[in-house]
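Below: the structure, in structure tokens.
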Amino acid sequence: MVRSPMEAVAPTILQRLRSLPHDDVVVDLPGGSHGAALDLWLASDLPMLVAVPERLPLEATARLLSSVFARLARPWLTERFGLQDAQLILAEAWQQCAGRTGTWMRSVAKRAEVPADDLAEFVGRKPIHLLLNRVRRADDIDVGHALVTAAGHGLGLDLRFRAVLPFEDEGWIRARRLSVKLSGVTTSLLNMEVDDFLDRVETDSEVPAPQAWGCGAESNQGESMVGP
């Protein structure tokens with residue numbers, strides 16, 4: 001018996017994905033995915049996390065990152081203490097830190113009496129690539145960098161800030177049409193952002209802080225990035 005249909009078919013889905021005759025396959029999982037869906041996501045070559053710099057979506061992102069930490073830490077703890085004790089350690093540490101993701105990893109390490117650096121090295125062994133969507137202001141760029149710091153310090157996760165998509169009311173509608181006329185030239189709406197993302201992955205570089213964006217709206221914190 002399984003907890004959800006997804007849990008039953010996840011191994012088959014993963015096997016089929018790996019057998020596809022394509023160099024690159026994009027798998028779009030629903031927001032707030034848990035359990036077996038997270039396993040599929042973490043098994044990918046480039047797990048990408050899309051976040052929105054607003055309070056409620058950021059709270060959901062924090063919960064998702066906590067789930068990722070638990071999913072990755074559980075086998076490491078199970079190998080050392082057994083499954084039942086591993087579950088207990090995670091639960092008691094969560095209560096001890098009062099549900100604050102910023103101290104959970106260290107609370108787990110303290111409760112298990114293991115070096116926090118060893119646990120962080122295990123859960124952070126695979127990079128997760130952050131894409132910040134619906135960015136309105138240069139200040140929002142700092143949210144992405146803050147997420148990276150919080151995920152690393154609080155959960156030991158290797159989160160890397162790779163790309164930014166500015167807010168645009170009809171952007172995704174036009175993106176689904178594959179192209180849009182800009183200045184008389186037909187071009188893919190997301191070509192530049194996708195190219196920037198892939199380039200940063202290849203060169204292992206992150207989105208620069210707002211102060212490094214040169215002149216214009218991007219360089220002035222608090223000013224709109226998408227016009228008046």
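The values are calculated or read from the model by the stated rules, or taken from the named source; none is laboratory data. Quick caveat, the model's predicted, so the values are computed rather than measured. Glycine gets a Cβ as well: all are built from the backbone with ideal geometry, and neighbour counts include every protein chain shown.
Within segment 110-125, residues that are closer than 25 Å to Ala43 by Cβ sit with their Cβ atoms under 7 Å from residues that are surrounded by 13 or more Cβ atoms within 10 Å (Cβ to Cβ) and acidic (Asp, Glu), at 6+ positions apart or across chains, in these pairs: Gly124/Asp158. Would a scan of segment 54-67 turn up a residue that is touching a strand residue (DSSP E or B) at 6+ places or on another chain (Cβ under 6 Å) and in contact (Cβ under 8 Å) with a residue 12 or more places away in the chain? The answer is yes; a qualifying residue exists. Among residues that are surrounded by fewer than 17 Cβ atoms within 10 Å (Cβ to Cβ), in contact with a Ser or Thr (Cβ under 6 Å, 6 or more places away or on another chain) and of a type outside the set (Val, Ile, Thr), Gln96 is included. A single member of Leu88, Leu157, Leu119 is of a type in the set (A, V, I, L, M) and within 18 Å of Ala51 (Cβ to Cβ), and it is Leu157.
Looking only at segment 195-204, count how many residues are over 16 Å from the mean Cα position of the chain (by Cα) and surrounded by 13 or more Cβ atoms within 10 Å (Cβ to Cβ). Before you say what the answer is, go through the steps one by one.
In the first step, residues of segment 195-204 are kept if they are over 16 Å from the mean Cα position of the chain (by Cα); the result is 195-196, 199, 202-203.
Retained after the next criterion (residues that are surrounded by 13 or more Cβ atoms within 10 Å (Cβ to Cβ)): 196.
Within segment 195-204, residues that are over 16 Å from the mean Cα position of the chain (by Cα) and surrounded by 13 or more Cβ atoms within 10 Å (Cβ to Cβ) number 1.
Return yes when Thr78 is under 16 Å from Ala150 (Cα atoms) and either more than 16 Å from the chain's Cα centre (by Cα) or of a type in the set (S, T, N, Q) (or both) and no when it is not. Spelling it out, it is not the case that Thr78 is under 16 Å from Ala150 (Cα atoms) and either more than 16 Å from the chain's Cα centre (by Cα) or of a type in the set (S, T, N, Q) (or both).
Can Val108 be described as of a type outside the set (Lys, Arg), surrounded by 18 or more Cβ atoms within 10 Å (Cβ to Cβ) and at pLDDT 95 or above?
Judged against the criteria, Val108 is a match.
Note on segment 37-58: among residues that are over 13 Å from the mean Cα position of the chain (by Cα) and part of a helix (DSSP H, G or I), the one that is modelled with the lowest pLDDT is Ala37.
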